[in-house]
Amino acid sequence: MVAAFMGNIRPTPTGRVIQQHLKLCLDDGIETEEELWLWLQERLLPRCFRRSAFDVACRAVEQSLEDDLWVASVEGGLPPLGGSLHCPWLVLGKGDKGWKAPGIAWLNSRKPRMAAPDASWLRALRTTLEEIGARAGTLVASSGILTHDLVSAFAHDGKLPLLRILPHFHGFKGVRGVRGSPAKPWGPATDLTCQFGGLHCPKAVRWTCRDRMLAHLADVHVVLELRASSGLIPILAAQHRRNSRAVWMLAPESGGDTTNAGNRALMDQLPEPVRLFHATDAPEPGRLQAPGAVSVDRSSLVLCSPKSMHWEDYLFHYTRSCHGPWPGEDFRDYCLSLLRGDPLSAHTALATLSRMINEGRIRASRLLVRGGRAVVSLTSRPPHELHRFRRWNRSQARWTLEPYGMAIRKGALRKRGVKPTIYGDETVYRLLRAVDRHRFQSTGPRASWMAEREWRLDGDLCIREFPLEDWLAFVPDRADAERLAGLVTVPFRCIVWGETSSRSMS
């Protein structure tokens with residue numbers, strides 16, 4: 001009630017101030033709502049508050065209690081960070097109030113949005129999940145960082161106890177991280193958060209407190225890759241000075257400028273020796289055994305010559321890398337594919353192309369389509385003109401299009417209902433029939449996409465409906481064609497548009 005009431009004060013007090021009042025309230029032995037109302041008036045003077053605001057906060061708390069939420073104190077208190085952060089003293093929980101010891105947490109610096117299945121930190125995670133995580137105990141994780149989501153997916157897949165420290169609270173709903181991250185764990189779990197009631201700490205503070213709680217509640221720390229400037233280093237060092245515990249650490253690489261340079265810096269600050277391990281390409285047999293690359297009969301791929309290609313007869317669908325799960329893919333399945341080392345789980349532009357060929361389908365998208373209709377976008381501009389019309393997307397740190405995709409005969413696409421995009425302003429849009437509005441693309445005022453010479457189809461495009469001679473994949477070099485051949489399970493044609501000589505593959 002204290003947090004809910006103080007959260008409505010303007011300006012809202014910081015989370016630390018609210019946590020201090022929560023602790024004082026408990027220390028003063030407040031038991032009834034009337035006592036609490038008088039206590040708040042005394043503590044928050046000279047401000048004046050209406051009793052109705054307090055009653056609203058009480059009703060909100062009663063609703064939370066009906067949702068089986070509970071409050072717990074942080075036993076022993078968290079060690080301060082730099083002598084400044086001493087909270088939280090209280091946390092809100094949902095799920096089982098007890099969990100098996102030991103608690104095991106994986107600590108890792110934030111990684112790029114594109115995760116490569118052969119990355120050293122991911123190989124180290126596989127190794128330690130199989131060796132440590134499958135033991136009796138509780139996996140401790142969080143939300144919003146891929147490392148924590150992978151641990152949660154492993155816990156659910158193996159039906160293992162899971163404790164999550166959440167840096168947000170919306171009734172334990174709406175917690176999101178990378179695209180598709182679930183609002184709730186996929187299986188039974190205990191969730192804890194200090195961000196309840198009216199607490200709305202800045203993002204950096206929430207992340208810091210989340211890491212401090214992870215370090216405090218876990219009995220075993222598995223350190224993967226820490227940057228030299230990682231904020232986890234002082235957090236873990238402070239925790240071990242206060243109460244040392246077991247540490248597994250990915251062996252630091254030689255040299256100072258490495259992805260895990262922070263590992264050595266942390267190791268130098270810990271009072272007890274750590275157990276070093278190395279990332280392995282082949283973990284012990286278990287649920288995370290990598291399935292290996294897909295292989296096909298090489299005679300099923302026909303490599304065509306760019307010289308014989310009549311580019312003007314085709315429309316082109318370009319692929320790009322996909323951050324997070326594929327469209328329509330369950331986030332849990334995406335996490336498990338990364339853990340198992342699936343070669344397609346990198347979600348690069350080449351992996352996207354191989355998925356389209358294997359599925360026999362180009363999935364429609366609503367991105368940048370007015371009215372929310374899902375369409376398949378194509379262009380009349382061939383790959384050797386790509387440099388003239390693609391753009392760098394600063395917000396997603398990637399190109400709008402990449403030099404991989406499918407070329408499909410224009411005549412065959414027209415029969416399926418593919419038509420040119422209609423460029424214009426608001427007046428043009430209002431004049432369009434409802435059945436044509438999915439083809440509309442604004443010409444401004446901030447940006448014009450006319451250089452793409454786009455065509456659109458309403459809904460998915462089924463490639464399997466076309467004869468093999470009506471479509472082919474295109475890649476920029478022969479090495480990509482070789483990799484694509486190892487990922488596709490059906491016959492297909494491919495052209496290396498960057499080559500000028502005719503070659504064949506058998």
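Please treat every number below as a calculation from the coordinates, not as lab data. Everything numeric in this text was worked out from a predicted model, so none of it was measured. Cβ placement follows ideal geometry from the backbone for every residue including glycine, while neighbour counts extend to all protein chains displayed.
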Estimated dipole of the range 87-166 in Debye, rounded to 20 [Cβ of Lys and Arg +1, of Asp and Glu -1, Cα centre]:
180 debye
State whether the range 303-377 is rounded, prolate or oblate according to the following rule on the C-alpha gyration tensor (a ≥ b ≥ c being the square roots of its eigenvalues): a/c under 1.5 gives rounded; otherwise a/b larger than b/c gives prolate, and the remaining case gives oblate.
oblate
Which net charge results when you count Lys and Arg as +1 and Asp and Glu as -1 among the other residues whose beta-carbon is under 14 Å from that of His387?
+1
Straight-line reach check, Lys203, cutoff 29 Å on alpha carbons, 8 or more apart in-chain or any other chain, hits among lysines -> Lys23, Lys94, Lys97, Lys111, Lys173, Lys184
At a 10 angstrom cut-off on C-beta neighbours, averaged per residue, how do the peptides 346-355, 382-391, 271-280, 310-319 rank from highest to lowest?
346-355, 310-319, 382-391, 271-280
Convert each backbone phi in the range 325-334 into a coupling constant with the Karplus relation 6.51 cos²θ - 1.76 cosθ + 1.60 (shift: θ = phi - 60°), then list the ³J(HN,Hα) values in order as whole Hz, x for Gly and Pro.
x, 5, x, x, 8, 5, 4, 4, 5, 4
Hull volume per residue for the range 298-496, using the convex hull of the C-alpha atoms, in Å³ is 131 Å³
I'd like to know which of Thr443, Trp471, Gly411 lies farthest towards the positive end of the charge dipole of the range 298-496, counting +1 on Cβ of Lys and Arg and -1 on Cβ of Asp and Glu.
Thr443
